[in-house]
There are 4 protein chains.
Amino acid sequence: MAGFEPRDADWEARVRASFARQPFMEYLGAVIAHLAPGEVDLDMPHARALTQQHGYFHAGSTASIADSAAGYAALSLYPAGTGVLTSEYKINLLNPARGEKLVARGRVVKPGRTLTICRSDVYGLEAGRETHVATGLFSLVCLPGLAD
Amino acid sequence: MAGFEPRDADWEARVRASFARQPFMEYLGAVIAHLAPGEVDLDMPHARALTQQHGYFHAGSTASIADSAAGYAALSLYPAGTGVLTSEYKINLLNPARGEKLVARGRVVKPGRTLTICRSDVYGLEAGRETHVATGLFSLVCLPGLAD
Amino acid sequence: MAGFEPRDADWEARVRASFARQPFMEYLGAVIAHLAPGEVDLDMPHARALTQQHGYFHAGSTASIADSAAGYAALSLYPAGTGVLTSEYKINLLNPARGEKLVARGRVVKPGRTLTICRSDVYGLEAGRETHVATGLFSLVCLPGLAD
Amino acid sequence: MAGFEPRDADWEARVRASFARQPFMEYLGAVIAHLAPGEVDLDMPHARALTQQHGYFHAGSTASIADSAAGYAALSLYPAGTGVLTSEYKINLLNPARGEKLVARGRVVKPGRTLTICRSDVYGLEAGRETHVATGLFSLVCLPGLAD
C-alpha cells in the first residue's frame with residue numbers, strides 16, 4: 001500500500017481541481033486533509049444536516065466521504081486525460097458515527113489500467129480520540145477521454 | 001418478496017415519523033413516495049448540490065437514498081419499541097445517475113429477528129423514461145430499546 | 001433483465017465448453033441446469049464434502065456456484081475471443097443452506113463492454129420445496145484475447 | 001486489530017476442533033497455519049481440482065478459505081457455548097490466484113456481541129514471493145446455543 005508512482009506529473013493539482021468541482025462534497029462540508037499518491041484523507045465536520053434519526057452521522061453521509069476519499073486516491077494515480085467513476089463499493093458500519101468530525105482515509109490497494117481497488121476507513125474524532133466508524137472496499141473505473 | 005405482515009400495528013406512522021427525524025434525508029430533499037410492509041420508495045429531485053464533477057448525482061447521494069429506502073423497508077416490519085441501524089451494504093453503480101429525479105426502491109428480501117436483508121434499486125427518471133442507476137444489498141440491524 | 005442478444009452466435013457451445021474446463025466445478029459436482037442468453041442455472045447435489053461443521057452446505061461451496069452461475073451468465077453475452085474473470089462479489093447468506101441440492105441462478109443485470117454486473121440467487125431444494133439460501137451481486141470483467 | 005482478549009479460556013482447542021469438523025475445508029486441503037486471538041491463517045496447497053478454466057485457483061476456492069479464515073478469527077473471540085455463521089461477505093479479486101499455495105489471513109476488525117466484522121486477505125505464494133490475490137470484508141454472527 002505504499003510507494004505508488006503517479007503517472008501524471010500534475011496529479012496533485014488535478015485531484016484538487018476535480019474535488020473542487022464536486023458540489024456534493026462542498027454541500028457536505030468535506031475538505032481534503034491529506035493528499036499523497038494513492039492516499040486521500042477527507043475531513044467532514046459535524047453538522048445536524050448530516051445526521052440520522054438518532055443523532056449520529058447518517059450512513060449515507062459517512063459512506064459519501066469514504067467513497068470520495070477512495071475515488072480521489074484512485075484518481076491520484078491515473079494518467080492525464082482520464083476520469084474516475086465509482087463502479088461499486090461495500091461498506092461495514094462498525095460503530096455509531098459520532099464526533100466533532102469524521103475523517104475518511106482512502107488508500108489504493110491495487111492500481112490497474114481499468115479498475116483500481118481501494119479501501120477506505122472512516123474514523124470519528126471526539127475529544128482527541130478516534131473511533132473506527134466504517135471500513136469499505138471500492139472499485140474505481142478509469143475512463144479515458146473524461147476530463148476530471 | 002411479497003406479503004409481509006407488519007409486527008407493529010402502528011408501523012406506517014412509525015416509519016413516517018422516523019423518516020421525518022432524519023435531517024440528512026431532508027437535506028438531500030428526499031421524500032417518501034411509496035410505503036407498504038417491507039417496501040419503501042424514496043424520491044430525490046435533482047439539485048446541483050447532489051452531483052459530482054461530471055454533473056451526475058454523486059455515488060454518495062445515490063447510495064444515501066438507497067440505504068434509507070432499505071432501512072425503512074426493514075423498519076416497517078420491526079416490532080414496536082425497536083430501532084434500525086445499517087450494519088453494512090454493497091452497491092453497484094450501473095449507469096450514470098442522471099434525470100429530473102432519482103427513485104430508490106427498498107425491498108425486504110429476508111426479515112429476521114436481529115438482521116433483516118434488503119435490496120434497494122435506484123432509477124433515474126428522465127423525460128418519462130427510467131434508467132437503472134444502481135442496485136444494492138443491505139443488512140439492517142434491529143435494536144431493541146432504541147426508539148425510532 | 002430479459003431479452004439479451006448474444007454477440008457470439010456460438011455462445012452456447014462456448015459457455016458449455018468453458019464450464020467443462022473448470023476443474024473446481026467438476027470437483028463440487030456442479031452441472032448446468034439451464035442456459036439462455038444472460039441466464040445460467042447451476043445445480044449442486046448435496047455431498048458431505050461440501051458442508052461445514054453444522055452439516056449445512058459451506059458458505060464457500062454455496063458462493064462458488066453462485067459465482068460460476070454469474071460468471072457464465074456474463075460470458076453468454078461476451079463477443080467471441082474474450083474470456084471472463086470475476087472482479088468482485090458480495091453475497092448475503094439468508095438461510096441455512098440445506099437440501100438435496102442447491103441451485104444457483106445467475107442473471108445479467110447490466111451487460112457492458114468491460115464490466116458486466118450480475119445477480120445470483122441460490123436456493124436449497126428439499127422435498128420439493130425451495131428455500132432462498134443466498135443472494136449476491138457480481139462484477140465480471142471481459143478480457144479480450146483470453147480464450148474461454 | 002491487535003490485543004484481543006478471548007472470552008473462552010479453551011478458545012484454541014475449540015477453533016481447532018470446529019475446523020476439523022468442516023468437511024469442506026478438508027476437501028479443499030486447507031489447514032490452519034496460524035492461530036491467535038482474533039487471527040487465523042489458512043494454507044491451501046495448489047491442486048488442479050481447485051482451479052478454473054485458465055488454471056488459476058477458482059474465485060470460489062479462493063473465497064472459501066478467505067471466509068473460513070474470517071469465521072474462525074471471529075470464533076476465537078466468542079464465548080463458550082456459541083457457534084459462528086457467516087452472514088455476508090464481499091471480496092475483491094486483485095490478481096490471478098496462482099502459486100504453490102494460497103494463504104488466507106483472517107483478522108477481526110470489530111468484535112461484537114452479535115456481529116463480528118473481519119477482513120481477510122489472500123496471498124499466492126510462488127517461488128518465495130507473495131502476491132496479493134484477494135481482499136474481503138466479512139460479517140460473522142455469534143449464535144448462542146449452537147455448539148461449534
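The values are calculated or read from the model by the stated rules, or taken from the named source; none is laboratory data. Keep in mind that this is a model prediction, so the values were computed, not measured. Virtual Cβ from ideal backbone geometry, glycine too; neighbours counted across all protein chains shown. Heads up: the accessible areas ignore ligands, DNA and RNA and are worked out on the full protein's heavy atoms, side chains in. Shrake-Rupley method; radii C 1.70, N 1.55, O 1.52, S 1.80 Å.
The table below gives the values:
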{"quantity": "Qualifying positions in the stretch C:41-51 - within 14 Å of another protein chain (Cβ to nearest Cβ) and either closer than 20 Å to C:Arg119 by Cβ or of a type in the set (Asp, Glu) (or both)", "calculated": "C:Leu42, C:Met44"}
{"quantity": "Per-region count, the stretch A:105-127, residues more than 25 Å from B:Val133 (Cα to Cα) and of a type in the set (Gly, Ala, Ser)", "calculated": "2"}
{"quantity": "Residue count, the stretch C:90-120 (criterion: touching a residue at least 24 places away in the same chain (Cβ under 8 Å) and either more than 21 Å from D:Ser87 (Cα to Cα) or within 12 Å of the chain's Cα centre (by Cα) (or both))", "calculated": "18"}
{"quantity": "Residue within the stretch D:78-95 that is assigned to a loop (DSSP other than H, G, I, E, B), open to solvent by 10 Å² or more (accessible area, probe 1.4 Å) and closer than 20 Å to A:Ser139 by Cα present", "calculated": "yes"}
{"quantity": "For B:Gly83: the one exception among (1) touching a His at 6+ places or on another chain (Cβ under 8 Å); (2) more than 26 Å from A:Asp121 (Cβ to Cβ); (3) touching a residue at least 24 places away in the same chain (Cβ under 8 Å)", "calculated": "(2)"}
{"quantity": "Of all residues in the stretch D:1-15 being out of contact with any helix residue (DSSP H, G or I) (no Cβ under 6 Å at 6 or more places or on another chain) and surrounded by 13 or more Cβ atoms within 10 Å (Cβ to Cβ), the one that is nearest to D:Ser120 (Cα to Cα)", "calculated": "D:Phe4"}
{"quantity": "Of the criteria (1) over 21 Å from D:Arg107 (Cβ atoms); (2) under 17 Å from the mean Cα position of the chain (by Cα); (3) open to solvent by 50 Å² or more (accessible area, probe 1.4 Å), which one D:His34 fails", "calculated": "(1)"}
{"quantity": "Members of the stretch D:76-107 found to be of a type in the set (Val, Ile, Thr) and more than 19 Å from D:Met25 (Cβ to Cβ), listed by number", "calculated": "D:Thr82"}
{"quantity": "Filter result for B:Gly112 (out of contact with any helix residue (DSSP H, G or I) (no Cβ under 6 Å at 6 or more places or on another chain), more than 13 Å from B:Asp43 (Cα to Cα), away from chain A (no Cβ under 14 Å) and open to solvent by less than 30 Å² (accessible area, probe 1.4 Å))", "calculated": "yes"}
{"quantity": "Of all residues making up the stretch A:37-46, the number that are open to solvent by 20 Å² or more (accessible area, probe 1.4 Å) and in contact with a Leu (Cβ under 7 Å, 6 or more places away or on another chain)", "calculated": "1"}
{"quantity": "Selection from the stretch C:20-78 of residues that are out of contact with any helix residue (DSSP H, G or I) (no Cβ under 8 Å at 6 or more places or on another chain) and of a type in the set (Lys, Arg)", "calculated": "C:Arg21"}
{"quantity": "Search result, residues across the stretch C:47-63 that are part of a helix (DSSP H, G or I) and open to solvent by 20 Å² or more (accessible area, probe 1.4 Å)", "calculated": "C:Arg48, C:Ala49"}
{"quantity": "Unique match (being crowded, with 24+ Cβ neighbours inside 10 Å and farther than 30 Å from A:Thr114 by Cα) among D:Ala66, D:Ala73", "calculated": "D:Ala73"}
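Rundown of residues vs (1) in a strand (DSSP E or B); (2) within 7 Å of chain C (Cβ to nearest Cβ), yes/no style:
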position: D:Val15; (1), (2): no, no
position: D:Phe24; (1), (2): no, yes
position: D:Leu35; (1), (2): yes, no
position: D:Asp67; (1), (2): no, yes
